[in-house]
Every structure is written in C-alpha cells, then in structure tokens.
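The block underneath contains the structure these notes are about, expressed in structure tokens.
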Amino acid sequence: MHPPSPNQLLSSLVALCALTGAAHASDDDSSSPSPSPSTTTTTTSTVTPCVATSTNGAFYDLRPDIAVIPEKDVKLARGTHTKDYLARGYDYGYNITLNICAPVVKGVEDVVGLTSEGWSKVGAWYEKGGKVYSLGQESGALTPRGRKLVLQYTGGSPCEDKDDKRKRSSGVHQGAAYSKYSDGEDEDRDDDQTDSDSDKKNSNTSKEKIRRKSATISFLCDRSPDNPTAVSFVGTDPDECSYFFEVRSQHACAGAEPHKPGSVGPGGVFAIIFFIALAVYVIGGIFYQRTVVKQRGWRQLPNYTLWAGIWSFLKVWSAISSWFGSSGRVRDRKAMGMV
C-alpha cells in the first residue's frame with residue numbers, strides 16, 4: 001500500500017479543519033435558541049436570582065447565604081442557613097429580621113398596610129408597639145456597583161406622614177395665633193381657610209402616591225471562611241422610610257463564572273487553536289517549500305527531514321517489537337512441547 005501524496009494529505013487536512021469548524025458552529029446554533037421576532041435579544045433575558053455579573057466580568061453568587069426552610073427527610077448541604085438573619089437596632093428600640101433574596105423563613109401575619117397575599121413575600125420586617133411593619137417584598141435582583149453588591153427590597157408598609165409626626169410631637173399648631181377680627185369675620189375666615197385646606201389636601205392626596213418602606217442591603221467581601229455571614233443595621237432616614245443594612249459574607253467576593261452548557265469550554269478553545277495552528281503550519285510550509293525552495297513530492301512538507309526520521313524510527317521500533325513478540329511465542333511453543 002503506497003502512502004498518500006502530499007496533495008492528498010493537504011486536501012484531507014483542509015477538509016478536516018472545515019468539518020471541525022462546521023461541527024462547532026452547529027453545536028452553538030443548536031445550544032442557543034433562536035429569538036422570536038417579538039422579543040428583543042438582551043444578555044439579561046433570563047436572570048438567576050441572587051446571582052450577578054459585573055461589567056468587568058466579576059461573578060457573584062449569594063445563593064448559599066439564602067435561609068431556607070428545612071424539609072423533612074432532606075439532607076441540607078453543609079453551611080446552609082435555616083434561620084432568618086437578625087439585625088440589632090440598638091438605639092432605635094427594635095430589632096429587624098430579614099432574609100437574603102428570599103422571603104423570611106419565619107412567616108409574619110397582620111402586616112401593617114399589606115394584604116394577606118403580600119405577607120408570604122415579606123423579605124424584612126420589624127415589630128414596634130405590637131404591630132408588624134414590612135421593609136419590602138423579597139427580591140433576587142443583585143446590582144454590582146464597583147466592588148460592592150446592592151440588593152433592594154421595596155413595597156413595604158406605608159411610611160408615616162411628616163405632618164402626622166409633627167402634629168403628635170406638637171400640641172399647638174404652629175400657625176395658631178391671636179387675630180384682631182370681629183366674630184363674623186373670624187367665622188368667614190375660618191370657613192374659607194377650611195375649604196382651601198380641604199381642597200389642597202384632596203388635590204395632594206390624588207396627586208401623590210403612598211410612600212412605602214424599603215430596605216437597601218450592601219454586601220461586602222469577607223474572605224475568612226471561619227466567619228459566618230453577618231448582617232448589621234446601618235440606619236434609616238429621618239422619616240424611617242428607607243432602611244440601610246450591611247452584610248459581610250465570603251460569597252460576596254468576586255469569582256470566575258462557571259462554564260455554561262452550550263458555550264465553548266477550555267478544552268474546546270485549545271482544540272480550535274491547535275487545529276488552526278496545525279493548518280497554518282502545514283499549508284504555509286508546503287507553500288514555502290513548493291514556491292521558494294522548489295521542492296516536489298514528500299519534500300514539500302515542512303521539516304521533512306525531521307518527520308522522515310521520526311517515521312523511520314517508528315518503523316524500526318515496530319519491527320523490533322514484532323520480532324521479540326514472535327521469538328517469545330516460539331519459545332513458549334518449544335517449552336510446551338518439551339512438557
């Protein structure tokens with residue numbers, strides 16, 4: 001059997017590279033669904049809760065910090081949280097219970113300003129004066145901002161009105177003063193003032209929406225594996241409407257994004273680079289040997305002397321191995337005959 005000619009070898013190599021590229025392209029097309037005409041193609045079409053990727057490629061996964069309800073006969077992973085996080089309020093007079101990217105494990109009822117359907121979605125709450133107040137519905141939308149992660153809960157209990165606070169804190173209205181008017185003028189003035197105040201109140205109520213409590217959680221990286229995830233209460237605004245928390249966790253540290261199914265892994269990238277380099281080496285070498293050096297036949301191959309030496313070594317090694325194998329079988333047959 002004669003070895004293939006250089007032209008046949010070159011054609012086979014080009015065909016192999018073409019088939020490899022076509023197979024890789026078909027895998028990518030089959031793994032990625034085709035977008036429908038009615039939807040826009042964006043990179044955030046499917047968002048995994050409590051997972052985020054920053055613009056510089058940093059990957060964050062806070063799912064191990066989520067407190068879950070333990071199920072019966074189900075073994076949880078080591079380090080899984082089964083209780084809500086407690087943030088001490090200190091001088092505020094109450095503590096705050098919250099969960100990360102999920103509703104609180106300990107259910108709440110009779111939440112101020114929420115219907116019964118919203119009780120099961122409360123992500124943070126506190127109790128004051130025998131009443132339960134929500135700081136927002138749970139959310140898994142992490143937002144990377146620089147080296148920090150931010151998680152926001154919105155849609156909590158209604159915020160307390162400033163005017164109501166002032167009225168309770170002050171026994172006398174600030175605008176109350178003695179005026180030197182007659183009784184009739186006083187009555188007319190009071191009626192006009194009442195009508196104007198009611199009109200303003202109704203117009204403001206119709207225009208302004210109800211402000212609700214919210215919680216902003218900032219995550220900081222803590223690389224110590226021995227330190228558990230800790231939540232601390234930073235403070236709130238003067239209206240006690242927006243609450244701010246800080247969480248230190250080892251899962252808030254940036255990491256490498258895991259390999260996604262359907263995408264090219266490290267092995268695939270290495271294989272593509274290898275075949276491209278091999279094709280450039282063979283095709284470029286043959287072109288140089290044929291056009292510049294004027295070689296023909298097998299001598300068109302780049303580094304022909306090296307590859308010919310390797311081929312001769314393999315032939316000699318194969319002959320020696322076959323000879324030792326045949327001589328060993330002859331000795332075995334003779335030994336068996338003597339027995």
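The values are calculated or read from the model by the stated rules, or taken from the named source; none is laboratory data. Keep in mind it's a predicted model, so treat the numbers as computed, not measured. Please note: Cβ atoms are built from the backbone with ideal geometry, for glycine as well, and neighbour counts cover all protein chains shown. To get the accessible areas, we keep the full protein, side chains included, count just its heavy atoms, and leave off ligands, DNA and RNA. Shrake-Rupley method; radii C 1.70, N 1.55, O 1.52, S 1.80 Å.
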How much net charge surrounds GLU246 when only other residues with a Cβ under 15 Å from its Cβ are counted (Lys, Arg +1; Asp, Glu -1)? +3
Rolling a 1.4 angstrom probe over the protein chains, ignoring ligands and nucleic acids, what is the accessible area of LYS213 in square angstrom, nearest 10? 10 Å²
Tell me the net charge near PRO228. Cut-off is 13 Å between Cβ atoms, PRO228 excluded, with +1 for each Lys or Arg and -1 for each Asp or Glu. 0
Summed residue charge, Cβ within 15 Å of GLN300's Cβ, Lys/Arg positive, Asp/Glu negative: +4
Kindly flag which residue pairs out of LYS72/LYS131; LYS72/LYS213; LYS83/LYS209; LYS75/LYS121; LYS72/LYS148 have an alpha-carbon separation exceeding 30 Å in this structure. LYS72/LYS131; LYS72/LYS213; LYS83/LYS209; LYS72/LYS148
Pick out, from VAL105, TYR133, THR115, the residue whose Cα sits farthest towards the positive end of the charge dipole of the stretch 69-143, with +1 on the Cβ of Lys and Arg and -1 on the Cβ of Asp and Glu. VAL105
Calculate the spin-label point distance for PHE275 paired with THR82, positioning each point 7 Å from the Cα along the beta-carbon direction, and give it in nanometres. 5.1 nm
